[in-house]
1. Which of the residues spanning the stretch 113-156 are touching a Leu at 6+ places or on another chain (Cβ under 7 Å) and modelled with pLDDT under 75?
2. Would you tally the residues in the stretch 308-339 being of a type in the set (Gly, Ala, Ser) and buried (at least 21 other Cβ atoms within 10 Å of the Cβ)?
3. Mind counting the residues in the stretch 318-377 that are in a strand (DSSP E or B) and among the β-branched types (Val, Ile, Thr)?
4. Return the residues of the stretch 435-477 that are open to solvent by 20 Å² or more (accessible area, probe 1.4 Å) and hydroxyl-bearing (Ser, Thr, Tyr); say none if nothing qualifies.
5. For the structure I just gave you, tell me whether PRO347 is open to solvent by less than 10 Å² (accessible area, probe 1.4 Å) and in contact with a strand residue (DSSP E or B) (Cβ under 6 Å, 6 or more places away or on another chain).
6. So if I check each of LYS220, LYS240, which one is closer than 25 Å to SER374 by Cα and either modelled with pLDDT under 85 or touching a Phe, Trp or Tyr at 6+ places or on another chain (Cβ under 6 Å) (or both)?
7. Quick one: HIS486 ticks every box in (1) in a loop (DSSP other than H, G, I, E, B); (2) touching a helix residue (DSSP H, G or I) at 6+ places or on another chain (Cβ under 9 Å) except a single one, so which number is it?
8. Going residue by residue through the stretch 192-208, is there one that turns out to be open to solvent by less than 10 Å² (accessible area, probe 1.4 Å), at pLDDT 85 or above and within 11 Å of VAL255 (Cβ to Cβ)?
Amino acid sequence: MPTTVRPTTLISLLSGLPVELILSITSYLSTDEYISLSHCSRILRKILLSSGTQWSFSADSCDDVKCSGSLIKFCQEAHDLDEFTYDSVTTQVVERDGLVFFNQVYRGPRLKGDRSAQCRMPIHIAPALKTGKRRKHLAYFEMTILSTSTKKVSFRIGLARDGYSTQHPVGSLPHSIGYTNHGEIALGWRDGDRIGFAPHWGEVGDVVGCGYRYDENADKPRGSIFFTLNGHWIGNAPHKVDTTLRDYVDCWHAVVTASAPCELKVNMSTEGFRYMEANESIHQNGSCTESQAMGRMLPNVAPPCTDPYPPPWISSSSASILCFPFTPSSIVFPRSFISSKPIASLPLHQPIADIPTAFHYYELQILSIGNGSSSFLSHGLVTLPYSPFSHIGWNLHSIGYHTDDGKVFAGACRHGEEYDPLFLLGGPEEQYRRTSYQSIREGTVLGCGIAPETGTVFFTRDGEYLGVAGIVDTKHDSYVGVAATHKWTVEMQFDGDFCWANANVRLPMNSGCPLEIAAAAESS
């Protein structure tokens, strides 16, 4: 009885052959045989590349979604497509300080018209087929809106595990994340909780992209998911993924969602991307971000096509005074400035007991405070380029002190660590906290420093050292970043007499150039 060889076994055997063995076999082939083998290999690769069946989109068992190559047509017909529904609801009971709070959690929240289509293969497969190389550290795809039947259609783009539900929008179920056309990030592992992230989109012609980067060289390897809009990078998703490289690249499938009849086109690298950086290899600094020219820079804003909000500006009275615009209460995105040079260009200061190695340092003084419960300021260190729609500390390779709660946020997460004791009443175990208005006032001086040898970052407030806040990766250049929601005014100081006396002792034979805040004079 003949032995049956499974295709997977045959593929494993062939792909596992050492290059040296293959070359030694070809040495026994005649010229014609060698050419025939090479030609056969090219034909096989062409067949795999031209047949997009396995890495095209599909919506199994869903008659409302028609997939044909790179085109996806949603054809829902119900009259109540925009009505809210969910799978189940549970009530969480939380007791705090003798009070009982009831919180309803909806599982699988969605619109009745929501339908999703998923790529059959993980997103790293398409560039591997096209280029012959498996880009383990970077994978990306784009979606273009071709037509819509109504202005009320809700879109999402994102990533999910294989077998994602066709009846739920991406980001509403565990193991998924989505960027909505309402400018929010939907987090599946938080029961579809949505967080303000970036500008709205959803017009015919909009091109939205999603991808991931895996940083294998970090102290603790981890991945980050990022999004783009009309060819411009808009930021990393507010979370990080800790996993092995193999698990990370094998689990993520591209998913697109629409709640009403429309037609979309998906690009899985079959043609050039609108986001130019995805057409190239990984950046030298490992960041999936839009390249920016160095030198004197503009405020940290995206091009007008993706950033319609008022930009910050430099005061006409002094180049060191930063002004943040007033924005409507419905807009929660901060505005930010980024320094034109790394903080390493500042002078080094004499080590002290708390900081045993030399450090760079800057301060800022608050001249006016913005109004509203959602108005606060953040400052710290970032890597370039940085999302125009995030506070400092919300993106990968950044760390920031926030004035609304005195916490430190570090690296693409929105759960800060307790840090400034001024914000706590009776110690960290107390539930009640001081508000920003009780702790941060006009005239408050905030500072930040970094020891370049170790990457140790610390903050100060009104001349008081607050302790080590975290460690940053010294392989990346750190820049000063300041962000605020609503109307704040601050004055920067990079040299001279600091409020924190320990920073007034420079190391001898060290000179540094004062930083320039990233705003053009003509914007004042």
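The values are calculated or read from the model by the stated rules, or taken from the named source; none is laboratory data. The model shown is predicted, which means the values in this text are computed figures rather than measured ones. Quick reminder, even Gly has a Cβ in these numbers, built from the backbone with ideal geometry, and neighbours come from all protein chains shown. Protein only, heavy atoms only, side chains kept; ligands, DNA and RNA dropped before computing areas. Shrake-Rupley method; radii C 1.70, N 1.55, O 1.52, S 1.80 Å.
1. Across the stretch 113-156, the qualifying residues are LEU129, LYS130, LYS136.
2. Selection size over the stretch 308-339: 2.
3. Filtering the stretch 318-377 down to residues in a strand (DSSP E or B) leaves 321-323, 335-342, 349, 359-368, 377.
This time we only want the ones that are among the β-branched types (Val, Ile, Thr), so: 321, 338, 366.
Adding up the residues that qualify gives 3.
4. THR435, TYR437, THR454, THR456, TYR465, THR474
5. Against the criterion (open to solvent by less than 10 Å² (accessible area, probe 1.4 Å) and in contact with a strand residue (DSSP E or B) (Cβ under 6 Å, 6 or more places away or on another chain)), PRO347 qualifies.
6. LYS240
7. Against the list (1) in a loop (DSSP other than H, G, I, E, B); (2) touching a helix residue (DSSP H, G or I) at 6+ places or on another chain (Cβ under 9 Å), HIS486 comes up short only on (2).
8. No, there is no match, as no residue in the stretch 192-208 is open to solvent by less than 10 Å² (accessible area, probe 1.4 Å), at pLDDT 85 or above and within 11 Å of VAL255 (Cβ to Cβ).
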